[in-house]
Every structure is written in structure tokens, then in C-alpha cells.
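Structure record follows, encoded as C-alpha cells.
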Amino acid sequence: MYIRPKAFILSDFSPCFRLKPVLLWRHEKKGEEIMPKKASGEIHTCLDKVHKKNGDVYVYEKNYYYNPENKKMVTVSRHLIGKIEKGSSEIVNTRPKRNNKFQDNKKTSKPNVDKQNQKKAESEDNAAAENAEDLKARKQRVGMMDIIDHIGKESGIDDIIYKNIDAGTAQKIISVARYLFASDGGPISGVFLWQLTHPIPYVEGLSEDICHDLFVELGTGQGDSETLKQRLFKYLYEISDNDEDGELTNKIILAYDSTFISTYGKLISDRRYAFDKDKDGLEKIKLLMLYRIEAFLPTIYTKGPANIPDVVQIKNCIKQISALKLKDIILVTDCGYSSEENIGEMIVERIHFITKISKDNHKWVMDEVKKVREGIRSIANECPFEVRTYGVTVEVEHNFFRIRKYGSKKKGLKAGEKEYVYKKVYLHIYFSSSRKERDENDLDHRVRELRKQLEDGVEYELMDTVSKKYIDKFITISVNKDGTKRYSYNLKNIEEENKYHGFYVLVSDTIKDRWKVLKIYRKREHVEDCFESWKNHDGGDRTRVWYSDTLDGRMFCQFIAQCYRDYFTNKIRKIKKLLGVKNGDTRHDLKKNLQTELKLRTWLSNVSIHDILIWFDVVEEYTVSRKMSAKRWTTEIIARDQLLLDMLGVPRRR
């Protein structure tokens, strides 16, 4: 005889409060505990109640069975029967679930409606569903992208890219370059979200993987990618743009310079330790660039190891200029690239040049400086555009040389021997009073610091080569009777050195006008501005890739973005000169129109290039289309902004 269970436990999972017996049962007579019967596996049915916050109780019918393996109840099915409203005890039906797509009209038919009304309701629902599926809408930010698209087309850069590589790759290159320009050098990881709101040529969409594959393709020279680069360089050289100051109308001025880019990557083969101007302690690569001064455009770029001297790397630049047949150019270089060998190479290749040359390292240059030192500070030699600057021009004939790559039986020279080139050049010697004061202060400070180091016990042998040179020339070391060393200034040498402070020399082979040469050389600083923009606005301050080939492809997209930026900057520069100035046109010279132009000029003078793009990025285009019609409208802009777009030549949206 079995009695009731030893204890009962309320079920934790069943809202219908079933009782679950414990596993052990007790026999009344024998007093021993025995196991219950095995689980039958039958499916049981119960009502499950769920209480809602509003007081209603939803009633479900649930089928379940007991699983002896995990000792749990397993739900087989569960469906809604109805609900018990608050304050009632009866179960009533709930409202049928609505079909979101309005397709199943039978389930959504209203009760107590005759057949005619039901058909009418079904036809109305079908029409509403068709109208909902037919309507399509889209919103994009088009203000900034219209400007960038116009820049790419007007400059001809986009056209060159499309003509020299397949359409898909061209669209990717232009899209990445536009993103770098528009986002002010944003990371490639941000292009995915950015393209959702900004239209780009590559409509399939960009991702980090797609951009990486593009960089690899461009960097490894697959297909026509390398041909594209060289033809783009050739086109940028051929863009017609007159010198704004009218110095040279028949020559193209190319400034050549280099900068360092730091890298954390250990797999980039070009990385080297070099002069650490930024003092970040990182390995670097060298970026070299030819920049068109009169057009304000980068023309050619390349990269290389950072530890190769500038005076060596310019030789490949000369070869590239000859290979692309860039004619009627003047190559402007700084002192680091000038040597008699490089000048000889440019003379042989018939490349005109203006280069700064060191007076200390070339005796024939110092001899000419000594001749004009006394009389250069005459009012007749005063510079018309720089205060306290004087200059004279001396015509000199000198023997330059180059190292022959191949032998010549005709000239009796072997490969590797010097071939001398006799050439008449113009030495433009300048003196600046402010530069003289700065040089004298720098020399005094340097000699003073070296003397202090020696007096503090720093060994002469441990100093670098330049410091030893200064000590030998400007500091006298003597030994006292007790064996201690005494250090004093060599005033005679310091005074002799100060005689030539403030002098600097430019060498030209064609231009004789000293002030024209100086003005052209001063414009060489535009390439420094280009490097600064590359690093700060195109994401070029670090390599941001793992391998050298990938870096080549990324730098090409950065180069195109920099071309967009400089072309746009030059357009803004030209527009600012025209604003607020009467041109003789009666409609243009109205007072109201001139006031609007003056407001625009004031605004352009106080914002950056990126600020201008961001300002127009608020312009959005809305498109709502159906099968038979479409409507489009854009955000309104003020008259000042429309004036700028019109002067840029950006087409108006309709």
C-alpha cells in the first residue's frame, strides 16, 4: 500500500501551479523508501496563464511531457486561446494579428460586413499595398560632393584615370581619393559609413578589404596601374596655367624637395633611421616630390629609403624628367641637392635649373663672394620686394662634371670616369642684414655651448664630426703648468667667419635677372606647404599599412587627393582676387552685388579649405520616385553660398 508523497513542491516554471511529487515514496507498513514508476513519455495538456501589467490575463494551451534524462518538463507546443479581461472571469477572443504586407486580405476582413463591402475593402487594401511597394525614397549629402566632382572633372584628373585603366579600378581610385579629400585624411576604416550618405563613383560600395586590394594592385604595378601613374604625371606637367606674377610665360617651374614619413611597420622594406627632425625615434621613409610652382600643383612623386642623401636621389629625378620628355622646364632645388656633379648632369640632359649652392664647400663660389662683399650693400643693389636685402649677378664660366655610366671611345673615357662639362652660368649673390644677425647669434651660441661642454669634462674624442670642426676652428685649447686645460675663443677666426654671414648664392643657367631668380626661389616654399598638407590633411603623417607595395598604392590615392586639394585651393585664391572689384559690367557692378562679394571674400579669408567643404556638406538631396513619376529637391542655401558655387562653375541642381 502506497501513501501520498512525502512532500510536494510547487512547480517553478508552470503558471498553472501543478504539483510535482518528489522522487521518493514511503511504504506505510514496511517503512522503506522505494523509487517511483518510470516516466511514460505521454504528452499532457494544461492551461498556462500569463498576467499583463494592465491587469489582463492571457490564457495559453500548452502540451508537455517529462524528460527523465534531464529531469525537466519539455514543452511541445503552446498557442493562445484568449484572454481574461481585468475584472472579468470569462475567456474572450483576442483581436486577429494584422498582416504587415496587406497581402492576406481574408484574415483581415472585418466581421459583419457583406460581400460587396468586403470586396471593396479588399480592393482598397490591394491598391494601398501596390502604392506602398511602388514608392521609393532616398536622401544623400550632395553639396560637398558636387564641388569635389566638379574639381575632378574640370582639372581633367578624373578623365586621365578613366582613360588609362579599367572602369572599375578607376572608380575605386577616384572614390578613395575623394574620401581622403572630403574627410580631411580620415582613416580608411571610416569609408564604409561615410559612403552611405555621400555619393561616390564606385556604386558597389567600398570596404577596408576592397581598399587594401586596390592598394596592392596599384603598388605592385598590376595591369596598367604603373602606366596610369606616369601618364598622370605627364598630364599634370602639361596643364596650362600662367604664372600669376608673370615672371615666366614660356617655362614650367618645378620645385624639387623631400620630407620624412615616420612608420611603426617592421615589414616596410624602405624604412631606415635618418635625421630625426620630429624627434619621435621612429624609422622613416623619404617622400620626394616635384611641384609645379606657377600652377600650384604636385606633378611627380616617389618614395625611397630615408638614409640616402638628397644629392644622390635627385639623379633619378633627372632621369625621370628625361624619360617623360618634360621640356621647357626650370628645376628649382635647395642647397642639399646642389653639387657640381648634379649640375653637370642637368647641363648634359638640357634641364634648366635654379639651385642654391654652398659658398663654403665650393672655392670658386667663395672667390666671387669675396669680390663683391664690400660693395654689395649699395642702394642700387637693394631688393624691391624684400627689406634689407641686396643682390648682384656675376657671370662665371666653370668646368662641371658628371660620372659616365658607359665608356666612350670617341672621347677616350671609360665607364665610371669623370666627364667635364664647360658651361657659362650666372651666380646671383645676395646679402640679408637680418640673416647676418641670425647667423652671428647662431655661431656665438654654438661656440659657447661647445666651450661649456669641454669645461664640464666632455671628451673631445666623443663629440660628433661637426662639433669637432667648430672646436678646431673657433676654440683654442692650451695646457696650464699644472696640467689642466684652458679653453678660449679664437676671435680672429670668429671675426673672419662673421664677415660672410648673411650671404647666400643661387646658380642659374638661363635667367640673368637677380630679382626674378630670387622670387622664383622663394616660391619653392610651396612644396613645403604641399608636404604639410599631405601629412595633416591626407593622412600621410604615418604609413598606416604593413608592406611597401601596399604603401605605394595608398600614396598614389593620397597624391590624387592632394591634387584635388591644391587645385581647389588655387581656384579659391583666384576667386578672392576678383571679389568686390568692379569689372565694367553694369549688372556686376551694382552696389548690392558688390556687397555680397565682399561678404564672401571676408568669409573665405577666415576659413580653411576643409571648413568650406564641411559648410556645404549640409546640402542634402531628397528623391521620391514612383513607376510613372519622380520628384527631387535639395536643401536651400543663401545667396553668398550660391555666388561661390557659380564662380567655381559648379552646375546647379534642378
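The values are calculated or read from the model by the stated rules, or taken from the named source; none is laboratory data. Only a predicted model underlies this, so the values are computations on that prediction, with no experimental measurement involved. Backbone-built Cβ (ideal geometry, glycine too); neighbour counts: all protein chains shown. These area figures cover heavy atoms from the full protein model, side chains too; ligands, DNA and RNA do not enter into them. Shrake-Rupley method; radii C 1.70, N 1.55, O 1.52, S 1.80 Å.
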Phi-based couplings in Hz for region 76-92 (Karplus 6.51, -1.76, 1.60; Gly and Pro marked x)
8, 8, 7, 9, 7, 9, x, 9, 9, 5, 4, x, 10, 10, 9, 8, 10
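Give me the dipole magnitude in Debye, nearest 20, for region 461-541 about the Cα centre, with unit charges on the beta carbon: positive for Lys and Arg, negative for Asp and Glu. Write out the running numbers ahead of the final one.
On the way: 16 positive and 15 negative charges, 106 e Å.
Result for region 461-541 is approximately 520 debye, rounded to the nearest 20.
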Under the definition of Cα pairs under 8 Å and six or more residues apart, what whole-number percent is the relative contact order of the chain?
15 percent
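For the chain, what does the helix formula give at 222 nm: sum of -39500 (n - 2.57) over DSSP H segments with n ≥ 4, over the residue count, nearest 500 deg cm²/dmol?
Working: 19 runs with 245 residues, N = 654.
So the helix-based figure for the chain works out to -12000 deg cm²/dmol.
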Cα gyration tensor shape of region 312-359, rounded if a/c is under 1.5, else prolate or oblate by comparing a/b with b/c
prolate
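Tell me which chymotrypsin sites (Phe, Trp or Tyr not before Pro) from region 362-465 have a DSSP coil assignment and no more than 14 other beta carbons within 10 Å of their own.
On the way: sites: TRP364, PHE385, TYR390, PHE400, PHE401, TYR406, TYR420, TYR422, TYR426, TYR430, PHE431, TYR460; in loops: PHE385, TYR406.
Passing both the DSSP loop test and the Cβ count: PHE385, TYR406.
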Long-range amide H partners of GLN140 with built H, under 5 Å
GLU621
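Take the Cα radius of gyration of the chain and divide it by 2.2 N^0.38 Å, with N its residue count; two decimals is plenty. Kindly include the intermediate steps, with their values, before the conclusion.
Numbers: Rg = 41.1 Å, N = 654, 2.2 N^0.38 = 25.8 Å.
The chain yields a ratio of 1.59.
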For the pair ASN606 and ARG544, what calculated FRET efficiency results from E = 1/(1 + (r/R0)^6), where r is the Cβ-Cβ distance and R0 = 45 Å, to the nearest 0.05?
0.90
Output the 0 to 90 degree angle, nearest 10, between the alpha-carbon long axis of helix 465-474 and the longest principal axis computed from the alpha carbons of the chain.
40 degrees
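With the cut-off at 1.5 for a/c, could you classify region 199-355 from its C-alpha gyration tensor as rounded, prolate or oblate?
Details: a/c = 1.97, a/b = 1.23, b/c = 1.60.
The shape class here is oblate.
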Rounded to the nearest 10, the angle in degrees between the Cα long axis of helix 526-537 and the longest principal axis of the Cα atoms of the chain comes to 20 degrees
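Can you pull out the trypsin sites (Lys or Arg not before Pro) in region 558-596 whose DSSP state is coil and whose Cβ has at most 15 other Cβ atoms within 10 Å? Intermediate values should be presented prior to the final figure.
Details: sites: ARG565, LYS571, ARG573, LYS574, LYS576, LYS577, LYS582, ARG587, LYS591, LYS592; in loops: LYS582, ARG587.
Taking region 558-596 and a limit of 15 other Cβ atoms within 10 Å, the loop trypsin sites (Lys or Arg not before Pro) found are LYS582, ARG587.
Given contacts defined as C-alpha pairs under 8 Å and at least six residues apart, what's the relative contact order of region 307-448, whole-number percent? Intermediate results must be reported in sequence, preceding the final value.
Values: 177 pairs, mean separation 27.4, N = 142.
The normalised contact order for region 307-448 reaches 19 percent.
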Given a Förster radius of 22 Å and the C-beta distance between HIS79 and ALA39 as r, what FRET efficiency does 1/(1 + (r/R0)^6) yield to the nearest 0.05?
0.35
Counting only heavy atoms of protein chains, what accessible area per residue, in Å², does the chain have with a probe of 1.4 Å?
59 Å²
What GluC sites (Glu not before Pro) in region 573-654 are in a loop by DSSP, with at most 10 other Cβ atoms within 10 Å of the Cβ?
GLU636
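Express the carbon and sulfur contribution to the solvent-accessible surface of region 207-356 as a percent, rounded to the nearest whole number, probe 1.4 angstrom. Present the calculation step by step, with values, prior to reporting the outcome.
Details: 3030 of 6460 Å².
Percent of accessible area from carbon and sulfur atoms in region 207-356: 47.
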Cα-centre dipole for region 234-393 with unit charges at Cβ (Lys and Arg positive, Asp and Glu negative), debye to 20:
580 debye
Cβ-placed point charges (K, R +1; D, E -1), dipole of the chain about Cα centre in debye, nearest 20:
2100 debye
How much of the accessible area of region 391-529, in percent, comes from carbon and sulfur atoms when a 1.4 Å probe is used?
47 percent
Per-residue ³J(HN,Hα) for region 184-189, Karplus 6.51 cos²θ - 1.76 cosθ + 1.60, θ = phi - 60°, Hz, x for Gly and Pro
6, x, x, x, 4, 5
The set of residues whose placed amide H lies less than 5 Å from the amide H of THR476, leaving out same-chain residues fewer than 5 positions away, is SER488, TYR489, ASN490
Could you list, bin by bin from short to long, the percent of Cα-Cα pairs of region 130-272 in 10 Å steps?
9, 29, 33, 20, 6, 2, 1
FRET efficiency, SER625 to HIS51 (Cβ-Cβ, R0 41 Å, nearest 0.05):
0.25
Give me a comma-separated list of calculated 3J(HN,Hα) values for region 601-613, in order, Karplus coefficients 6.51, -1.76, 1.60 applied at θ = phi - 60°, integers in Hz, x for any Gly or Pro.
5, 4, 5, 5, 6, 10, 10, 8, 4, 5, 4, 5, 5
